[in-house]
Amino acid sequence: MIKVVIIEDEIPARSKLKRFISELESPVEIVAETGTVEEAVTFLKSSAVDLIFSDIELLDGNAFEIYDQVNISCPVIFTTAYDQFWMNAFESNGIEYLLKPFSQSRFQKAWDKFLLLRKAPSESQQVLEKLQQMINNGLAEKNYKKRFTVGSQQGLYFINTEEISFFGAEEGVVFAFDTAGKKHLLNESTLKEIETQLNSSDFFRINRSELVQKNHIERIERYNKNTLSVQIKGQKDHLVTSQSNTAAFRKWIEE
């Protein structure tokens, strides 16, 4: 019997996972269902399972907080609506990264990979190491965007990426803010589109609408229990991290 735990705070998503699991040919027992970081940490500290299905953004924080607090030896299949966490996932025993909404066939492929690694446990670590090497090589080879096009009444001009302190989305429009505090209207349509063009070592999405550059962060202070206030060069007002991104932001800023 394969023992699995589901870490998911959305009831419809949890129900979908349970339905897909029930349709598997393998004998599977769902030994626990949790929706918070706290619940998951408590369970995993006292119980051993064969596989974890884990959402990333939970009710009380980011799921990577769980794997910072608990040493797990089993693989994790991550399920999320956000694609910016895939690197973190493969650094946390992740063997698959399912973007919501995923199909039954996509789920089956992830399950088949788990079964393959389960049959050859000695090869499992080699696979994870190869994935990490591919990630690192991909990052080294990728050419990141060096400047962005800005539209104005007089025409187009350019702003260098290194001069941008942060990107912000307002009512569906994306702006770049420079180190002097000036606001520039960008041609790119979404913050997500911009994020894929930047080096994740330099830029971080602190919430749904703001993407900051590490080199231009002047000060970080506690805002409330689960969020941080971020003071950016050239800006009078501070920015605030979302609860789900705060832990990952702390880790990123110290790298």
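The values are calculated or read from the model by the stated rules, or taken from the named source; none is laboratory data. Everything numeric in this text was worked out from a predicted model, so none of it was measured. Neighbour counts are summed over all protein chains in view; Cβ atoms, including those assigned to glycine, are modelled from backbone coordinates with ideal geometry. Side chains are part of the model used for accessible areas, which takes the heavy atoms of the whole protein and leaves out ligands, DNA and RNA. Shrake-Rupley method; radii C 1.70, N 1.55, O 1.52, S 1.80 Å.
Points worth noting:
- Contact order for the chain, expressed relative to its length and based on alpha carbon pairs under 8 Å spaced 6+ residues apart, stands at 13 percent.
- Against the chain, whose longest principal axis is taken from its Cα atoms, helix 243-253 shows a tilt of about 70°.
- Ordering of 7-14, 100-107 by packing [mean C-beta count within 10 Å, highest first]: 7-14, 100-107
- Taken about its Cα centre, the chain carries a charge dipole of roughly 320 debye when the Cβ of each Lys and Arg holds +1 and the Cβ of each Asp and Glu holds -1.
- Taken about its Cα centre, the range 151-255 carries a charge dipole of about 400 debye when Lys and Arg each add +1 at the Cβ and Asp and Glu each add -1 at the Cβ.
- Computed from backbone phi with θ = phi - 60° and the Karplus coefficients 6.51, -1.76 and 1.60, the 3J(HN,Hα) list for the range 8-18 is 7, 9, 9, 4, x, 5, 5, 5, 5, 4, 4 Hz; x is used for glycine and proline.
- Amide proton proximity set for Val70, modelled H, under 5 Å, gap of 5+: none
- Per-residue ³J(HN,Hα) for the range 155-162, Karplus 6.51 cos²θ - 1.76 cosθ + 1.60, θ = phi - 60°, Hz, x for Gly and Pro: x, 10, 9, 10, 10, 6, 4, 5
- Entry note: the chain has Rg to Rh equal to 1.02, where both radii use alpha-carbon atoms and Rh is the Kirkwood radius.
- Selection from Phe78, Asn224, Thr179 lying farthest towards where the dipole of the chain points positive, charges on Cβ: Thr179
- Carbon and sulfur %, accessible surface of the range 1-106 computed with the full protein complex present, 1.4 Å: 48
- Less than 5 angstrom separates the built amide H of Thr179 from those of Ser165, all sequence-distant by 5 or more or on a different chain.
- Residue-normalised accessible area of the chain, expressed per residue, 1.4 Å probe, Å²: 54
- Environment charge of Val41, counting only residues whose C-beta is closer than 13 Å and scoring Lys/Arg +1, Asp/Glu -1: -4
- 0 to 90° range, to nearest 10: angle between helix 37-46 axis and the chain longest Cα axis: 40
- Highest mobility in the GNM of the chain, judged by mean-square fluctuation with C-alpha springs under 10 Å and restricted to Ser165, Ser242, Ser26, is found for Ser26.
- Share, in percent, of DSSP beta bridges within the chain that are antiparallel, nearest 5: 65
- When the charge dipole of the chain is built from unit charges on Cβ atoms (+1 for Lys and Arg, -1 for Asp and Glu) and taken about the Cα centre, the candidate among Gly35, Gln197, His238 whose Cα reaches farthest toward its positive end is Gln197.
- Residues with amide H under 5 Å from that of Asn62, placed H, sequence gap 5 or more: Ala247
- Applied to the range 47-59, the Karplus parametrisation 6.51 cos²θ - 1.76 cosθ + 1.60 on θ = phi - 60° returns per-residue 3J(HN,Hα) values of 9, 10, 10, 8, 7, 10, 9, 10, 5, 10, 8, 10, 4 Hz, with x for Gly and Pro.
- Using alpha-carbon coordinates, inclination of helix 121-141 to the longest axis of the chain, degrees: 10
- Within the chain, helix-based [θ] at 222 nm, where runs of 4 or more DSSP H residues each add -39,500 (n - 2.57), nearest 500: -10000 deg cm²/dmol
- Long pairs among Lys3/Lys119; Lys16/Lys100; Lys45/Lys109; Lys192/Lys233; Lys192/Lys236; Lys192/Lys251, criterion Cα-Cα beyond 18 Å: Lys45/Lys109; Lys192/Lys233; Lys192/Lys236; Lys192/Lys251
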